[in-house]
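**Student:** One structure, pasted below without further comment.
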Amino acid sequence: MPAPRPVRFGVTLPQIKRTWPEARDAAIEFDRLGFDHLWVCDHVYGVPIPTLPILEAWTQLAAVAAVTGRAGLGTLVTPPFFRNPALLAKQVATLDQIAGPGRAIVGLGAGWFEAEFRDTGCAFPPLRERLRALEETVQILQLLWTEEKATFEGKHFSIHDAVCEPKPSVRPQILVGGGGEKVLMGIAARHADVWNNMGVHQAQLAAKALALRRRCDEVQRDFDSIEISQQCVVVIAEDEAGANAALAKAAKIYGGHMGGALAEHGIWGTPARVIDCIERHVDLGCTTFVIEFFGRDTRLPAQLFAESVIPAFRG
């Protein structure tokens, strides 16, 4: 019987309508507080309004890598067609050189915000083709990180005797994010170290994990060898009155791609209640949380979480 996975907590960095100094200071603080990972979204338009300012994901991560020393660094998620996969492999390998071994986490997904593809001249084929391109991207990344010269012929991407030097010192983790129970989870079962349940599907975590198990069975992969993570909003306050007030504000802001029904299915409340919410997710097989803290300065709820919640999951 394998040992149970440790529960890990990642936190999203300021990125939309935020300056680099805000993002830098938050990253340094989150790293100091002991969070396991730091995350950015890979959009070129602010969500959901294209005119919202947003920092570019891999540039931001490279800068964060230079000012932090411990936490993993990942995207949730990078889609195909924004970048040639060979260039992405090189970006990740460079991030590894800046950050140090084992910190890079390559989060990949199909992409969904059509306007940012169309407006910038990137292809945005139907979902089935985006998923095919996603799998080709994973295959090319793995080849370039391991082969002296890599060749791959796909429908959407091809490389010929391509070289990626220096290679990552440790193979970066591959995360595949999304809720598609057949094709996407099949890609995760074949290639991913981590599958991420997006916030919009948080209430369906149990059913999604069961679907992933079926895909793992189909490719004869040990289901327990893939890590399950959950994208989530966390609303935390020291007392019930503060938690209820913050939840009411959060409910007016969050929705859409981050999901709804925070009161029923989300992670919120006093530290004790937040611990209970997390334990319910862990019981469903989730051991990694990608957290967006609610608040203008997310360092404040992150500090409360680090001091009063994380210790409950550190054996």
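**Student:** Would you pick out the residues in the stretch 55-71 that are surrounded by 20 or more Cβ atoms within 10 Å (Cβ to Cβ) and either of a type in the set (D, E) or in contact with a His (Cβ under 6 Å, 6 or more places away or on another chain) (or both)?
**Tutor:** If the condition is that a residue be surrounded by 20 or more Cβ atoms within 10 Å (Cβ to Cβ) and either of a type in the set (D, E) or in contact with a His (Cβ under 6 Å, 6 or more places away or on another chain) (or both), then A71 is the only one that fits.
**Student:** Oh, and also: Looking at A162, A110, A133, A115, can you tell me which residue is farther than 24 Å from H43 by Cα and either of a type outside the set (D, E) or touching a residue at least 24 places away in the same chain (Cβ under 8 Å) (or both)?
**Tutor:** Of the residues listed, the single one that is farther than 24 Å from H43 by Cα and either of a type outside the set (D, E) or touching a residue at least 24 places away in the same chain (Cβ under 8 Å) (or both) is A162.
**Student:** Go through E165, E238, E181 for me and flag whichever is modelled with pLDDT of 95 or more, in a loop (DSSP other than H, G, I, E, B) and closer than 29 Å to F305 by Cβ.
**Tutor:** Answer to the selection: E238.
**Student:** I'd like to know if the stretch 246-261 contains one or more residues that are surrounded by 15 or more Cβ atoms within 10 Å (Cβ to Cβ), more than 23 Å from the chain's Cα centre (by Cα) and in contact (Cβ under 8 Å) with a residue 24 or more places away in the chain.
**Tutor:** yes
**Student:** Check whether at least one residue in the stretch 281-293 is surrounded by fewer than 18 Cβ atoms within 10 Å (Cβ to Cβ), over 20 Å from the mean Cα position of the chain (by Cα), not acidic (D, E) and not in a strand (DSSP E or B), and report yes or no.
**Tutor:** No, because not a single residue in the stretch 281-293 is surrounded by fewer than 18 Cβ atoms within 10 Å (Cβ to Cβ), over 20 Å from the mean Cα position of the chain (by Cα), not acidic (D, E) and not in a strand (DSSP E or B).
**Student:** Just to verify a result, which residue in the stretch 202-241, among those that are in contact with a strand residue (DSSP E or B) (Cβ under 9 Å, 6 or more places away or on another chain) and surrounded by fewer than 17 Cβ atoms within 10 Å (Cβ to Cβ), is farthest from G178 (Cα to Cα)? Steps first, answer last, please.
**Tutor:** First, the residues of the stretch 202-241 that are in contact with a strand residue (DSSP E or B) (Cβ under 9 Å, 6 or more places away or on another chain): 202, 204-205, 208-209, 212, 226-237, 240.
If we keep only those that are surrounded by fewer than 17 Cβ atoms within 10 Å (Cβ to Cβ) too, we end up with 204, 240.
Working: Q204: 12, E240: 33 Å.
That would be E240.
**Student:** So, restricting to helices (runs of 4 or more DSSP H) that lie completely within the stretch 1-109, which ones have at least 2 residues that are under 23 Å from H191 (Cβ atoms), over 17 Å from the mean Cα position of the chain (by Cα) and not aliphatic (A, V, I, L, M)?
**Tutor:** 85-99
The values are calculated or read from the model by the stated rules, or taken from the named source; none is laboratory data. It should be emphasised that the depicted structure is a prediction, and the values quoted were computed from it without experimental measurement. Note: ideal-geometry Cβ built from the backbone for every residue, glycine included; neighbour counts use all protein chains shown.
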